[in-house]
Amino acid sequence: MTTRGIVLAAGLGIRMKSEIPKVLHLLGGRALIHYALEAVGEATGSPPALVIGPGADRIREEVGPAAQFVVQEEILGTAHAVRQVQGLLAGQADSILIAYGDMPLLTAPTLRGLIEAASRHPGPLAFLVGQGGEARGFGRVLRDRLGRVRKVIEEAQATPEELATEEINLGVYCVREAWLWEALARVRPSPQGEYYLTGLIEMASESGAGAQAIPVRDPDEWIGINTRVHLAQAEAALRGRTNHRWMESGVTLVDPATTYIGPEVGIGADTVILPNTHLEGATQVGRDCWIGPNTLVRESHIGNGCRIEASVLEEATLEEQVQVGPFAHLRSGAHLAPGVHMGNFGEVKNSYLGPGTKMGHFSYVGDAQVGPEVNLGAGTVTCNFDGRRKNPTEIGEGAFIGSDTMLVAPIRVGKGARTGAGSVVTRDVPDHTLAVGAPARNLRRLEPRDE
């Protein structure tokens, strides 16, 4: 049986109290809408139709080719929204799956289960229900004395007795395509003049074969986001789901409640993540690393066996056995080769530090190429900006840069060269040469024993 999907995202999201469309608010670092589109697309095997409101250009830009867009010019309820898709999907499938852009934690396996149940059920409709969790504005499922689904009552219209019903309608449907469009035309408006999909359930129950309710066991899956409180609840649930998966894969999370791992992150086995660590974007972490505590890693690549403590990494690359921190900052373009040690309160930007290089604390290296086995003493600064442009620094293999040295770029410090503590180096230092002073003078040639 072929199934096509519809994701509804035309709601105004008034309770979010935001100028940002509700489905573009971030969850786990990604816009909400992506979760629903991916789950529906995976469950049906094709990109869904996405119903948006007028002027939803920001949603179009965010989603791109991941969906076929349909505009609901007047926001007149969910049934009215689905009717706008008739011209696109009529006759294209055996059944239609209908979901929402603000329910990001519904999984593709759950949606596939709904599709399969609908295909076996003789009635025209199957829908997802929850029980025992927070209702968050969902309607209540009403049954007759024999336990058959009779109808769904919206929360706003429910009596106190009906509100006490624990079974809630999650609003996610799989409907036989041949029945759907004719039934939508018969949905009656609510007292507010809106047309709701819940009307289909009552019609299906009156058809003889009835509507089938499919329970969802995990209450996290039915978190529908209407407020910032709901968004925080979904964030906590997603974090728990993500962290559980990584622990099952061989990663140690010392305190999962304070560990934040984005959906695109990769982590090798036997890595240990300490509390209050954030791994964001497409960050990749190797095996046997120690990351944290109090560390932010964004869009970076970390090799095997690295140690990073209380530091910030942004678009950086660390090869194997690198040590960083505490309180270090690696900015865009920072590349640390195997065995590099970067001390506390250091900063590297758009620079390469060669294998085995040691960078002392309170140092800044920017726009530099640093060779292997270099010692950058505490307080070393590459003075790379002259007020108009960034200038390069080159430091050769085995050089020793004394504490508090200022390297005024553009400049080259040669292989095996040394600078005295407190030097201000404004001219190139040849290989195996000692430079001291402010401004520094190339004092003498170093003998092999001095090196």
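In table form, for the structure just shown:
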quantity: Under 16 Å from the Cα of K415 - aspartates and glutamates, other chains or at least 8 residues apart; calculated: E373, E394, E397, D428, D431, E447, D450, E451
quantity: Rel. contact order, % - alpha carbon contacts under 8 angstrom, at least six apart, the chain; calculated: 8 percent
quantity: Rel. contact order, % - alpha carbon contacts under 8 angstrom, at least six apart, the stretch 3-222; calculated: 24 percent
quantity: Using a Förster distance of 45 Å, the FRET efficiency for I20-K415 (Cβ separation, nearest 0.05); calculated: 0.25
quantity: Residue-count net charge about Q212 - beta-carbon cut-off 11 Å; Lys, Arg +1, Asp, Glu -1; calculated: +2
quantity: Qualifying aspartates and glutamates (Cα of each under 19 Å from Cα of K151; at least 8 residues distant if same chain); calculated: E161, E162, E166, E167, E182, E194, E202, E206
quantity: Cα-projected label distance for T159 with E73, points at 7 Å along beta-carbon direction, nm; calculated: 4.1 nm
quantity: Spin-label model distance (nm) - R148 vs R245, 7 Å beyond Cα toward Cβ; calculated: 4.1 nm
quantity: Protection proxy ranking of 381-393, 350-362 - average other beta-carbon atoms within 10 Å, highest first; calculated: 350-362, 381-393
quantity: Relative contact order of the stretch 178-283, pairs being alpha-carbon contacts under 8 Å that are 6 or more residues apart, as %; calculated: 15 percent
quantity: Spin-label pair E166/Q131, simplified geometry with 7 Å Cα→Cβ offset, distance in nm; calculated: 0.7 nm
quantity: Helical contribution to [θ] at 222 nm, DSSP H n ≥ 4, -39,500 (n - 2.57), averaged over the chain, rounded to 500; calculated: -5500 deg cm²/dmol
quantity: For the stretch 56-206, size of Cβ-based charge dipole, Lys and Arg +1, Asp and Glu -1, in debye; calculated: 460 debye
quantity: Net charge contributed by nearby residues that have their C-beta within less than 10 Å of R427 (K/R +1, D/E -1); calculated: +1
quantity: Loop-located GluC sites (Glu not before Pro) in the stretch 70-128, at most 16 other Cβ atoms within 10 Å (DSSP); calculated: E73, E74
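Here, each number is a calculation from the coordinates, and none is a lab measurement. As the structure is a prediction and not an experimental result, all values here were calculated from the model. Cβ sites come from the backbone with ideal geometry, for glycine too, and all protein chains shown count toward neighbours.
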